[in-house]
Structures are given as structure tokens and as C-alpha cells.
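Working notes, beginning with the structure itself.
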């Protein structure tokens with residue numbers, strides 16, 4: 001639709017599918033979905049003002065002429081709660097387990113982000129790839145260099161996407177190259193400057209980011225606590241219980257703590273807006289405490305499989321009321337696409353039924369289309385405590401959405417048959433599950449963030 005003076009409302013028309021509730025928590029998961037075979041989404045100044053059947057919405061808003069995506073599937077923008085933008089150029093590096101992989105690939109690449117020009121190159125590439133995958137919100141680690149954070153936020157702000165990031169903290173001797181490590185005070189001072197510069201600028205938010213307790217001393221975690229006390233509206237991101245060798249070392253570094261989670265509890269970091277990547281080997285008690293304190297977990301199936309780390313047990317997280325969302329965890333993972341990540345997530349659930357002898361949990365471990373969509377959208381928004389801003393098409397939320405071509409390949413086209421547009425919720429779910437499991441890049445036809453089209457195939 002062409003813009004004219006005084007004409008600020010815009011709209012799209014197509015098959016609309018989003019989640020309005022948690023499909024794990026309703027009696028019939030179909031009750032968690034909003035489905036419109038022929039729907040219209042209207043926004044103004046980047047915010048949704050109306051969504052509903054086309055006849056109803058077009059009558060109420062005669063001034064808009066929707067962009068026509070009839071026959072395509074319109075879903076909320078995907079939300080990635082855990083990844084590493086500075087690893088974009090080492091995605092798919094030959095498999096090693098976590099600690100060796102960090103030393104071999106990660107730290108040598110991340111050292112390059114001392115240079116602002118290099119950081120800007122990667123940040124631009126990173127966001128363009130994300131948008132081509134339908135991701136409109138991201139929480140990412142940077143590096144120990146302020147330039148890495150500056151480049152990330154500058155690019156995010158230019159595009160108008162929802163973006164969380166922060167200066168990475170790692171100061172423990174022997175856990176990273178000397179040239180990469182920072183200091184506890186440097187982490188605090190650098191974070192303070194970046195918070196003042198970027199937190200709340202447009203859609204940018206600051207995440208206090210000690211990389212993991214394996215790499216941070218008590219002094220640095222104490223500085224993270226100071227930052228959290230001084231700025232209660234910040235996010236906190238870290239890693240937790242990703243790898244058995246990592247866990248063993250952490251408990252040796254912090255012998256007064258009974259488990260890995262208690263290290264972060266000791267420094268008052270586990271709270272709402274705290275997101276711990278992986279959390280594969282949590283005990284029942286750790287899940288319970290995480291739920292009670294409002295912390296969140298990033299489910300990263302692609303990297304958990306690629307690095308041979310293990311399986312996240314989301315049924316136990318659900319049991320204890322833990323918020324959790326989806327992360328591609330590049331470059332530990334081998335994709336920036338959350339659709340491809342959901343493919344791995346589905347398989348992780350199915351494998352757990354057999355390998356863990358948890359047949360009674362089969363239904364809760366099967367990642368249906370609606371559960372997958374929820375995980376990548378509203379569930380991830382709740383994990384970040386941003387469900388009032390993003391995650392579905394409720395009026396007042398940001399107009400972040402993705403248009404999916406459910407016949408983007410010959411196989412998808414044949415699978416869909418003649419049901420275009422989807423004439424039922426079941427058909428729409430069948431189509432979404434298809435693009436998730438048979439993903440090709442062409443399935444993402446367009447990506448909008450804050451009502452602006454930022455990617456078009």
C-alpha cells in the first residue's frame with residue numbers, strides 16, 4: 001500500500017494464526033489459538049489497532065487498503081531469547097563439545113569485535129539474516145568489548161526491531177584467552193556507560209550478561225548484582241547447566257553452593273527477566289526455585305544437539321511454572337532460523353519419550369504445531385516478560401509479524417494440496433507444521449517489525 005499524507009493506518013490480509021493462551025495450560029489446545037481464514041490486521045504508528053475477519057475489519061476501517069497476502073499464513077514475529085550475534089561467521093564449525101568448542105572457535109572470532117568496523121559488518125549481516133528467517137525480537141550476547149554492543153544496538157535501532165543485549169562478562173583466569181577476559185570493575189563501568197546510552201532507546205533494552213559462572217569470579221558476579229539492584233528494569237542473561245564438564249567446574253569454583261543455580265541465587269540474579277540458556281541438567285529442586293523466582297529458561301535444541309549437550313526437559317519446567325522460550329544459540333547451533341530450530345525441538349521431545357522412559361509424559365513432550373508456534377512467539381515473549389508488548393496480535397502490541405508461503409517448495413505445495421487458504425484451524429496448523437519440518441528459506445515471504453516491512457523475498 002502506498003503512503004499518502006495523513007494516511008498512517010496500514011493493513012495486511014491473509015490467513016491469520018496466533019496464540020492467545022498457553023496450549024499446555026488449556027483443556028483443548030485449540031482453545032489457545034486465534035484463527036482467521038480470511039483475516040485483516042490493522043496497525044497505526046507501529047501498534048496493532050484491529051484484527052478480525054476481513055468483512056468486519058474493512059467495514060470498520062474503510063480508509064485502509066490491505067496488502068493482499070491471501071492464501072498465505074500470517075503469524076506473529078518470531079522471538080529468539082538466546083543467541084550470540086558475534087558467532088555469526090563461525091556457524092557450523094566442526095563439532096566439539098562446549099568448552100573445547102569455545103576455545104577452538106568462539107574466542108578467536110569474538111576477539112575480532114574489538115574493532116568497531118568489524119562489529120558493524122557482522123551486526124548488519126546478522127540482522128538481515130534474522131529478518132529473512134522471520135525473527136523480529138532477539139536477546140543476544142555480544143563480547144567483552146564495548147564496540148560489540150555499540151554495533152549491535154546501533155543496527156537494531158536503525159531497523160526498529162526489539163533487541164536486548166549487553167556487555168559480556170568473563171574474568172576468571174584460565175577460562176578464556178587473556179586478551180579476551182575483562183575485569184569485574186571493567187564489566188561494571190562498561191555496562192553503566194552502555195546502559196545510559198542504549199537502554200530504552202527505541203526498542204533497545206539492556207541485558208546484564210555474565211557469560212556463565214564458569215567464566216565469572218565472585219567479584220564479577222557481585223558487580224552484576226550491583227547493576228541489577230541499581231537498574232531493576234534490566235534483563236539478565238547467562239548460561240546454566242549446559243554441559244556436565246561445565247557443571248563440575250562451576251561447583252569446584254563455588255564449593256559453598258549445592259548446585260549451579262544457587263551460584264546465581266547467591267548474587268540475587270534469579271528474578272523476573274532473568275533468562276538462563278540451556279538449563280539441561282537442572283534438578284527438580286532447581287526447576288522449583290526457578291519457577292518461584294520468576295526466572296526463565298532458553299530452550300536451544302539446535303545447539304544442544306549440535307554440541308552433544310543433552311535434552312532440555314520442558315515438561316518439568318511446565319510442571320513448576322517456569323517461563324521458557326526458544327533460542328537458536330548461534331553459532332553453537334547451526335542455524336539462525338527459529339523454524340529450523342523448532343524442527344530440532346520437535347525431535348528432542350519425541351526422543352525424550354523413549355530415551356527417558358517417560359511414556360506417561362508423551363503428550364506433554366510432543367511439540368504440536370500450536371505448541372511450537374506458542375514457543376516461538378507468545379511463550380518466548382513471556383519468558384522475557386514482554387508479553388504486554390509482543391507475542392501475538394492483541395490490540396496495542398507492536399505490529400511484528402511474518403508472512404509464510406506454505407507452498408514455497410514442490411513438496412510443501414503437494415503437501416498442502418488445494419487447501420489454500422487454510423479453511424480450518426486444523427488445516428492452518430497442518431500448514432505451519434509443514435513449514436517448520438520441511439523448511440526452506442523461501443517460506444518467509446515477508447517480515448514486518450513495528451509495522452515496517454524489513455524483509456521481502
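Figures for the structure shown
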item: Dimensions (Å) - region 22-180, Cα atoms, principal axes, largest first; result: 64, 39, 25
item: Between region 239-281 and region 60-114, the Cα center-to-center distance that results, in Å; result: 25 Å
item: Stretchable slack from residue 410 to residue 285, in nm (0.36 nm times residue separation minus alpha-carbon distance); result: 40.2 nm
item: Sorted by Cβ neighbour density within 10 Å, fewest at the top, the residues 341, 104; result: 104, 341
item: Stretchable slack from residue 438 to residue 350, in nm (0.36 nm times residue separation minus alpha-carbon distance); result: 30.0 nm
item: At R0 = 25 Å, FRET efficiency that the Cβ-Cβ distance of residue 423 and residue 9 yields, to 0.05; result: 0.30
item: Residues 383, 429, sorted so that the one with the fewest Cβ neighbours within 10 Å comes first; result: 429, 383
item: Contour minus Cα-Cα distance for residue 25 and residue 193 (0.36 nm per residue); result: 56.3 nm
item: Two-site label geometry, residue 368 and residue 97: point separation in nm, points 7 Å out along Cα→Cβ; result: 3.7 nm
item: Helix 116-132 vs. the chain, principal-axis angle (Cα, 0 to 90°, nearest 10); result: 40 degrees
item: Residue exposure sequence - 439, 319 - by fewest surrounding Cβ within 10 Å; result: 319, 439
item: Cα-derived Rg over Rh, computed across region 81-383 with Rh taken as Kirkwood radius; result: 0.93
item: Residues of region 71-98 with amide N under 18 Å of the 7 Å Cα→Cβ point at residue 457; result: 71-78
item: Mean separation of Cα contacts under 8 Å, 6 or more apart, over the residue count of the chain: relative contact order %; result: 20 percent
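Every read-out reported here was derived from the displayed coordinates using simple, explicitly stated rules and does not represent laboratory data. These numbers come from a predicted model, not from an experiment. Note that each Cβ is placed from the backbone with ideal geometry, even for glycine, and that neighbours are counted across all protein chains shown.
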